[in-house]
Amino acid sequence: MIRKPHATSAPVGDLRDGIARAGRRRFLTLAAAGTAAATVRPAVAQTRRQVRMVTAWPAAFAGFADSAGRLARRITVLTGGALTVQVIPAGERMGAFDVFDAVGAGEVEMYHALDSYWQGRSAAFAFFAGVPFGLTAEEHAAWIHHGSGQALWDEIAAPFSIKPLLAGNTGAHQTGWYNRPIRDPGELKGLRVAVAGLGGQVLRRLGASAVALPGRELAPALDAGRIDGAEWLGPWNALAIGLPSAARYMAYPGVFAPNTAITLGLNLNFWAGLPVGQQQAIVTAATAESAMSLAEFTAGNTRALVTLRAEHGITMMPRPDALLKALGEAAGTIVGETARSDPQAQRVYDAFVGFRQAALGWSRQSVQSFLNARLLPFPYGGP
């Protein structure tokens, strides 16, 4: 017996028609999706905005200006152009020390500066740039990213409508420039030394006069005898402003700033209004630039020290232990007094000193012991 087809079975022709209808539906669906995507793309483009980054340094300031430019480009790239960052150097729109208030007020979105400049607002800010006999660059980054540093920093900066991020580091300041050798603490008495921040208070405690001068004025002042010395960054930046032509002695180690951290400060309302993806892009850019700037300063100082020795006849002057001990004791007193002047600073100080104490053990056993071993007289690198 021949069975009739089931009533629900579709003839081949009907199947072809069904497939065709399905294909048309899929085509129309894809076409609609394509039309929607086409309408979305201009909307994304319309959300792009130009963001202004004001800096505390002029356009040609070695290391610092380069770092600001790289950071701006990296933020622009990582946000896919949604945030196009324009760098505005100090003096073009506002002074170096005006950038904090301008960002806090929302006049511009970002600053690139040292947070030690804002000690007049809260003494706690000093710890987020670096204090005498404090942390190395690596230790500072560890405290910020993996200790309590970032949370405390956010808390200190929030009342000023600032979101701070670690965005660079100079590494150690290895150089003091003098026209006479300094062998013991007593020889500091009466000297006029250009030095900024807490380092100036340390020298005053030992009888010197601390003078505040812009970098471009240091070499002329030394050459004319208006100052006796200058504590200024590393060899790279010293060469850039002509210090080797104005001083005979280069003192080391640089204890007034064992690291100087650079801050990217963002207006807090601007920051809060960004999508999470753009916030993370900015954090990623700042973290990457921290590593890049430290590498650049290390490379620049390495090359510059070779030049100083080969071409300028500078006498390298190690600071004797007695002098270092006196400077360290004065620094400890000054930093402690700074903390006690402000309840917020006291909380930051307690966390900072706790981390520093723990870091001493690891640095002694790791980096310091290796550097001592590397200085032993054995051949290395081939004939």
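The values are calculated or read from the model by the stated rules, or taken from the named source; none is laboratory data. What you are looking at is a predicted structure, and each value in this text was computed from that prediction instead of being measured. Backbone-built Cβ (ideal geometry, glycine too); neighbour counts: all protein chains shown.
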Of everything in the range 89-141, what is more than 30 Å from Glu329 (Cα to Cα) and among the hydrophobic types (A, V, I, L, M, F, W, C)? Give them in sequence order. Ala90, Met94, Ala96, Phe97, Val99, Phe100, Ala102, Val103, Ala105, Val108, Met110
Exception for Thr333 within (1) part of a helix (DSSP H, G or I); (2) within 26 Å of Gly234 (Cβ to Cβ) falls at (2)
Any chance Leu308 is assigned to a helix (DSSP H, G or I), surrounded by 13 or more Cβ atoms within 10 Å (Cβ to Cβ) and touching a strand residue (DSSP E or B) at 6+ places or on another chain (Cβ under 9 Å): yes
Within the range 62-84, of all residues that are of a type outside the set (A, V, I, L, M) and free of Cβ contacts under 8 Å to residues at least 40 places away in the same chain, the one surrounded by the most Cβ atoms within 10 Å (Cβ to Cβ) is Thr76
When you check Ala351 against the structure, is it exposed (fewer than 13 other Cβ atoms within 10 Å of the Cβ), assigned to a helix (DSSP H, G or I) and in contact (Cβ under 8 Å) with a residue 60 or more places away in the chain, yes or no? no
For the range 1-105, which fully contained helices (runs of 4 or more DSSP H) count at least 2 residues that are assigned by TED's automatic domain parsing to the domain that holds Ala288, at pLDDT 50 or above and among the hydrophobic types (A, V, I, L, M, F, W, C)? 64-78, 99-104
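Conditions (1) charged (D, E, K, R); (2) not assigned by TED's automatic domain parsing to the domain that holds Gly186, marked per residue:
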position	(1), (2)
Arg303	yes, yes
Met317	no, no
Leu324	no, no
Ala330	no, no
Thr333	no, no
Asp350	yes, no
Asn372	no, yes
Phe378	no, yes
Within the range 171-198, restricting to residues that are under 26 Å from the mean Cα position of the chain (by Cα) and assigned to a helix (DSSP H, G or I), the one that is surrounded by the fewest Cβ atoms within 10 Å (Cβ to Cβ) is Gly197
Kindly provide the set of residues from the range 342-383 that are more than 18 Å from Leu135 (Cβ to Cβ) and among the hydroxyl-bearing types (Ser, Thr, Tyr), ordered by number. Ser369, Tyr380
Among all residue pairs at least 6 apart or on different chains, which show Cβ distances below 6 Å where the first residue, located in the range 265-285, is in contact (Cβ under 8 Å) with a residue 40 or more places away in the chain and the second is among the aromatic types (Phe, Trp, Tyr)? Gly265/Tyr111
Check on Asp154, out of contact with any helix residue (DSSP H, G or I) (no Cβ under 7 Å at 6 or more places or on another chain), surrounded by fewer than 23 Cβ atoms within 10 Å (Cβ to Cβ) and more than 15 Å from Ala257 (Cα to Cα): yes
Tell me which of these Leu213 doesn't satisfy, since it passes every other one: (1) buried (at least 17 other Cβ atoms within 10 Å of the Cβ); (2) part of a helix (DSSP H, G or I); (3) not small (Gly, Ala, Ser). (2)
Name every residue in the range 127-146 that is in contact with a Lys or Arg (Cβ under 9 Å, 6 or more places away or on another chain) and either among the aliphatic types (A, V, I, L, M) or part of a helix (DSSP H, G or I) (or both), in order of residue number. Leu135, Glu139, Trp143
